[in-house]
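Remarks on the structure that follows.
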Amino acid sequence: MTAAGISAVSAAARPVRGGRRLPLSWLGVVPFFAYVGLFLLLPTVIIAAGSFTTKDGGLSLSNFSGINQPYLVKSLANSLVVSAVSAVVGALAGALLAYAVVTGNPRGILRRSVTSASGVLAQFGGVTLAFAFIATLGTTGVVYIFLKDRGIDIFPNGVVWLTELSGLVLVYTYFQIPLMLIVFLPALDGIRPQWREATESLGGSTWHYWRYVAGPLLAPSFLGCTLLLFANAFSAYATAQALISQGSVVVPLAISNLLTSETGRAQPGLAKALALMMIVIVMVVMVLYAVLQRRTSRWLR
Amino acid sequence: MSRTRRLKLRVFRTAVFLVLGAFFLVPIGAMFEFSTRGNGVTAPRTLDAWTAIAKVPDLLPAISVSLQLAAITAVAMLVLLLPTMVWVRLRLPGLSRIVEFICLLPLTVPAIALVVGMVPLYRWIGPNLSDSILTLSFAYLILVLPYTYRTLDAGLAAIDLKTLSEAARSLGAGWGTVMLRVVVPNMSSAILNACLLAVALVLGEFTFANLLAFENLQVAILYVGLVSAGTSIAVAVASLLFAFVLLMILSFVGRPRERVAREEPTGIPGPFGPPAVPQGL
């Protein structure tokens, strides 16, 4: 099964036995580096290089000034708002859920089920998730019909907000909350009951405990996890594509339209500039996340 | 803990579990409901949408192709990653940070951005190598790297690789024997986990396939949805159930041995310790 990889390794290994070690042992990692070089680093270089060149190969910043069109600026603003709102809502709800889990029996079936289900649901996205919400809240959906029969129209004036930005926020929370549970639970686990007892023995109230002890300890982790959720929503494409079929409402949809435009107006240069912008934003957010996680681990665990 | 506080906590927990439980279960139930609807408002429940799965053209091929892609990606991932990780641990420990960094890199490059850079690559692969949809596994291998790396790394950390391999080598085993008969059996659960993760990720993948103009399972579901909503939702439910089963096996049964001894499993092993960043959403 692993014959190809092994033969590469053992081919490198045999000369090593003989004596001069260092130079030849590098051969063992050549397949891996060649592969990621070709399929990970090269595409990244293509994006970076392509966003600074024009169609005829000249060096220019025109792709970036091309971003400055009303519909692209709007899609960027939409992306930021959708990601931020769904991250904050997901973080708050996920933190509440994590707290509800952590105050229960640490070895109980409830905790195991919730963490396992979250592991699954955090991965649950894309077309299937969009369809799930259409089957729930769409104009033929169960919940929509159920509510309408009781006189509640969740789409007043016929505005089906499910397939608009606010719908995107709602659908994104579906995978944001479980992700928050997974990433925030370890921090909550690090809180020791003794700290609360210490607060109480010093005359502090519940408010004091959360304001001066648990709050400050959990804040970096909470903030970091919120950033992770933001990056997660910002990169999401499939869910948006399946839910909002037309237009360039968010950046990933704009990129996809620029790339596959059927009317022959595909603008690969502009798509690359947008892609580069996305990568930079997500990278900055992820670095901040890593920094905040490191800060959290100073006190918790 | 005082009695009122305990009561408050209880009310709080019940409320949270009820509200969020409903939020997560209702959409899944609604999909079942939708896929068993008959024609018309008062029509009885039917399984027509489910039986139609076999009749819709393009759907069965898409399912089969996605399964093949999943299998190829899982195997290729093992072939590429496992020997490299073993080799780096044994012979080039100085490289371990770099390998880890590279493996986690796809997390900071959104799939939708990475695919922009892959389009020119596939424009070359198409005419020169093969235009088969199975070439998508090249891209999928990159996609699953962060998740499988973490899983395999945890598995490798749990065994005494150096002693095991030196013992095997001193008994005359070649590197192939070391890998297949010493390393693999000793970390079989981590390998199983990594494979299941790879399979689940590939089966749910949409971004690459759609933008590179290939029709895998998720793309087919979207297209079928334009014609027959019931059937596409039935397939979606089926694929979801399949992924659920895979991932549930992963988080309940197939936990790596080393984690059983420790505290609590946090579901799927993620790239930054416990966290798992979903891809392909």
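Worth a mention:
- Scanning the stretch B:6-50 for residues that are under 14 Å from B:ILE233 (Cβ atoms), polar (S, T, N, Q) and away from chain A (no Cβ under 12 Å) turns up just one, B:THR46.
- Matching residues in the stretch A:68-94 - criterion: being of a type in the set (A, V, I, L, M) and either without any contact (Cβ under 8 Å) to a residue 12 or more places away in the chain or on the phi > 0 side of the Ramachandran plot (or both): A:VAL73, A:ALA77, A:LEU92
- Top-ranked residue in the stretch B:194-230 [being in contact with an Asp or Glu (Cβ under 8 Å, 6 or more places away or on another chain) and in a helix (DSSP H, G or I); ranked as surrounded by the fewest Cβ atoms within 10 Å (Cβ to Cβ)]: B:TYR223
- The stretch B:193-216 - residue that is facing chain A (nearest Cβ under 9 Å) and more than 8 Å from the chain's Cα centre (by Cα) and, of those, farthest from A:ALA240 (Cα to Cα): B:ALA213
- Of the residues contained in the stretch A:186-205, none is found to be touching a Phe, Trp or Tyr at 6+ places or on another chain (Cβ under 6 Å) and under 19 Å from A:SER118 (Cβ atoms).
- Residue in the stretch A:55-78 that is surrounded by 19 or more Cβ atoms within 10 Å (Cβ to Cβ) and among the β-branched types (Val, Ile, Thr) present: no
- So B:TYR122, is it buried (at least 24 other Cβ atoms within 10 Å of the Cβ) and on the phi < 0 side of the Ramachandran plot: no
- Unmet criterion (only one of (1) at pLDDT 90 or above; (2) within 20 Å of A:ALA238 (Cα to Cα); (3) in contact with a Ser or Thr (Cβ under 9 Å, 6 or more places away or on another chain); (4) not acidic (Asp, Glu)) for B:LEU81: (2)
- Count of the stretch B:43-67 residues, restricted to those that are closer than 19 Å to B:LEU196 by Cβ and more than 14 Å from the chain's Cα centre (by Cα), is 1.
- Pick from the stretch B:76-95, criterion assigned to a helix (DSSP H, G or I) and free of Cβ contacts under 8 Å to residues at least 24 places away in the same chain, ranking: surrounded by the most Cβ atoms within 10 Å (Cβ to Cβ): B:THR84
- Of all residues in the stretch A:193-220 being within 14 Å of chain B (Cβ to nearest Cβ) and charged (D, E, K, R), the one that is surrounded by the most Cβ atoms within 10 Å (Cβ to Cβ): A:ARG196
- Filtering the stretch B:217-228 to residues that are more than 8 Å from chain A (Cβ to nearest Cβ) and either touching a His at 6+ places or on another chain (Cβ under 9 Å) or more than 12 Å from B:ASP58 (Cα to Cα) (or both) leaves B:LEU226, B:VAL227, B:SER228.
- Count of residues meeting criterion [crowded, with 18+ Cβ neighbours inside 10 Å and more than 11 Å from chain B (Cβ to nearest Cβ)] in the stretch A:164-190: 4
- Between A:SER235, A:SER256, A:SER248, the distinction of being under 30 Å from A:LEU61 (Cα atoms), polar (S, T, N, Q) and touching a Pro at 6+ places or on another chain (Cβ under 6 Å) belongs to A:SER235 only.
- A:TYR71 vs. criteria among the aromatic types (Phe, Trp, Tyr), part of a helix (DSSP H, G or I), more than 13 Å from every other protein chain (Cβ to nearest Cβ) and more than 21 Å from the chain's Cα centre (by Cα): yes
- Elements of type helices (runs of 4 or more DSSP H) in the stretch A:101-156, at least 2 residues being facing chain B (nearest Cβ under 7 Å), crowded, with 23+ Cβ neighbours inside 10 Å and under 28 Å from the mean Cα position of the chain (by Cα): A:109-121, A:127-137
The values are calculated or read from the model by the stated rules, or taken from the named source; none is laboratory data. Every value quoted in this text rests on a predicted model; they were computed, and no experiment measured them. When we count neighbours, we look across all protein chains shown, and the Cβ atoms used for this are built from the backbone with ideal geometry, even at glycine.
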